[in-house]
Amino acid sequence: MSLKTVVSVAFLLTVFVQVATASDVIHYKRPNSDSPNAQAVEIPAGQNLVFLSGLGPDVADASAPKDSLAAYGDTKTQTLSVLGKIEAALKTMGISMKDVVKMQVFLAGDPALNGKIDFAGMTESYRRFFGTTAQSNLPARSTVKVAGLVNSGWLVEIEVIAARPN
C-alpha cells in the first residue's frame, strides 16, 4: 500500500469518526399527534447509556399511616415526586432530563378509581418535565399497568435510560 493510500484511508476514518460522534440524539415525533413522548429515539455512536433503576415517590403526608396511599398521594402527586427524584439523580451524574431517551412507567390501579390507573394524572405531571418550551426532548415511553408495586402505598414507579454525550 502506498503512503498516499494509507494517508487517504486514515483521513477518511478520521472524518467518519468525527461525523459519527458529532451527531445528536434524534427524537422522532409521533406523526399527527401531540403525544408528549417520542415514537422512537435514535442514539448515535459514541454516546454512553445510563440506566437509572426504578424510583418510587417520596412521602407526601408524613401524618398519614406509613406505606398507605394517603402517605404518598394520588398518581399525579406521586408522578411529580418520582420525576423530581429522577431529575435530581440525573443531575448528580452530570446529565439532565433532556438526556432521557427511554422511560418505563409502572402504574398500579388506584382503589379510589375502582382499580383503574390514572393515566391522565400521570401525564399531567409528566408534561411538566417533557414537551415544554424549555425541555422539548421527548423520550420513547412505555406505560404499564401492574398488579402492585414493592411499597403498598405506591401507585407509580419509573425507570429511565439516558444518553450521555461524549
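Given the condition modelled with pLDDT under 95 and of a type in the set (Ser, Thr, Tyr), answer yes or no: does some residue in the stretch 51-61 qualify?
no
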Any hit, the stretch 106-126, residues being surrounded by 18 or more Cβ atoms within 10 Å (Cβ to Cβ), under 21 Å from PRO165 (Cα atoms) and not acidic (Asp, Glu) = no
ask   = How many residues does the stretch 123-147 hold that are part of a loop (DSSP other than H, G, I, E, B) and within 15 Å of the chain's Cα centre (by Cα)?
value = 11
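Kindly evaluate ALA60 against the criterion of being of a type in the set (Gly, Ala, Ser) and touching a residue at least 60 places away in the same chain (Cβ under 8 Å). Spell out the reasoning first.
Details: of a type in the set (Gly, Ala, Ser): yes; touching a residue at least 60 places away in the same chain (Cβ under 8 Å): no.
For ALA60, the condition - of a type in the set (Gly, Ala, Ser) and touching a residue at least 60 places away in the same chain (Cβ under 8 Å) - is not met.
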note = Within the stretch 112-151, residues at pLDDT 95 or above, more than 15 Å from SER81 (Cα to Cα), hydroxyl-bearing (Ser, Thr, Tyr) and out of contact with any helix residue (DSSP H, G or I) (no Cβ under 8 Å at 6 or more places or on another chain) come out as SER142
task = Among residues belonging to the stretch 147-158 that are surrounded by 13 or more Cβ atoms within 10 Å (Cβ to Cβ) and aliphatic (A, V, I, L, M), point out the one that is farthest from THR77 (Cα to Cα).
result = LEU149
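Do we find that SER68 is among the polar types (S, T, N, Q), surrounded by fewer than 16 Cβ atoms within 10 Å (Cβ to Cβ), closer than 18 Å to VAL160 by Cβ and touching a residue at least 24 places away in the same chain (Cβ under 8 Å) in this structure?
Numbers: among the polar types (S, T, N, Q): yes; surrounded by fewer than 16 Cβ atoms within 10 Å (Cβ to Cβ): yes; closer than 18 Å to VAL160 by Cβ: no; touching a residue at least 24 places away in the same chain (Cβ under 8 Å): yes.
Taking the combined requirement at face value, the residue does not satisfy it.
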request  = Among the residues of the stretch 36-49, count how many are within 14 Å of the chain's Cα centre (by Cα) and over 17 Å from LEU138 (Cα atoms).
outcome  = 0
key: Residue tally, condition farther than 17 Å from ARG164 by Cα, outside any loop (DSSP other than H, G, I, E, B) and at pLDDT 85 or above, over the stretch 1-48   = 2
query = among the β-branched types (Val, Ile, Thr), buried (at least 16 other Cβ atoms within 10 Å of the Cβ) and over 29 Å from ASP24 (Cβ atoms) - does that describe any residue in the stretch 132-144?
reply = no
message = So for the stretch 78-99 (the condition being buried (at least 17 other Cβ atoms within 10 Å of the Cβ) and touching a Gly at 6+ places or on another chain (Cβ under 6 Å)), does at least one residue qualify?
response = no
message = Of all residues being without any contact (Cβ under 8 Å) to a residue 60 or more places away in the chain and part of a loop (DSSP other than H, G, I, E, B) in the stretch 81-122, which is farthest from ALA40 (Cα to Cα)? Just the residue, please.
response = ASN114
message = Of everything in the stretch 50-65, what is surrounded by fewer than 18 Cβ atoms within 10 Å (Cβ to Cβ) and either more than 12 Å from the chain's Cα centre (by Cα) or of a type in the set (S, T, N, Q) (or both)? Give them in sequence order.
response = SER53, ASP58, VAL59, ALA60, ASP61, ALA62, SER63, ALA64, PRO65
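The values are calculated or read from the model by the stated rules, or taken from the named source; none is laboratory data. As the structure is a prediction and not an experimental result, all values here were calculated from the model. Using ideal geometry, Cβ is built from the backbone for each residue, glycine included, and neighbour counts are taken over all protein chains shown.
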